[in-house]
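Everything on this sheet refers to the single structure shown next.
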Amino acid sequence: MKEIFFCQKKKNMTAIEDFVIQRVKALREQKGMSQQEFADNINLSQGFIRDCENPYKRAKYNLNHLNEIVRVFGCSFAYFFPEKAL
């Protein structure tokens, strides 16, 4: 008998990484920016933004990225962090 194995994709992010990425994505969409427009504004590639927004990819924003995002959106760093640890 032939066995069939299904490979399940595993999310490659922690709860805090997901929180930050969802906040960035929500702001981007609120401002009506495409991934390409957003990427151009923060000096990253559209592919990197796409990968950040995909929970199965390893790409994540770092503090330097967040600094650029805060500059572009005019918000505070605090917006990207929850009040309590996740």
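The values are calculated or read from the model by the stated rules, or taken from the named source; none is laboratory data. None of these values were measured; they are calculated from a predicted model. Ideal geometry is used to build each Cβ from the backbone, glycine not excepted, and the neighbour counts take in all protein chains shown. Note: areas computed on protein heavy atoms with side chains; ligands, DNA, RNA excluded. Shrake-Rupley method; radii C 1.70, N 1.55, O 1.52, S 1.80 Å.
Among all residue pairs at least 6 apart or on different chains, which show Cβ distances below 8 Å where the first residue, located in the stretch 70-86, is within 13 Å of Arg28 (Cβ to Cβ) and the second is among the basic types (Lys, Arg) and assigned to a loop (DSSP other than H, G, I, E, B)? Hits for this filter: Phe73/Lys31. Between Tyr61, Tyr79, the distinction of being assigned to a helix (DSSP H, G or I) and of a type in the set (Ser, Thr, Tyr) belongs to Tyr79 only. Given the options Gly32, Gly47, name the one that is at pLDDT 95 or above and part of a loop (DSSP other than H, G, I, E, B). Matching residue, one of Gly32, Gly47: Gly32. Within the stretch 62-79, restricting attention to residues that are of a type in the set (A, V, I, L, M, F, W, C) and open to solvent by less than 50 Å² (accessible area, probe 1.4 Å), the residue that is nearest to Ala15 (Cα to Cα) is Leu66. Is one or more of the residues making up the stretch 7-26 of a type outside the set (Val, Ile, Thr), assigned to a loop (DSSP other than H, G, I, E, B) and modelled with pLDDT of 95 or more? Scanning the stretch 7-26, I find no residue that is of a type outside the set (Val, Ile, Thr), assigned to a loop (DSSP other than H, G, I, E, B) and modelled with pLDDT of 95 or more, so the answer is no.
For the stretch 47-61, what are the residues that are within 16 Å of Val72 (Cβ to Cβ) and either loosely packed, with under 13 Cβ neighbours inside 10 Å or free of Cβ contacts under 8 Å to residues at least 12 places away in the same chain (or both)? Result: Phe48, single match.
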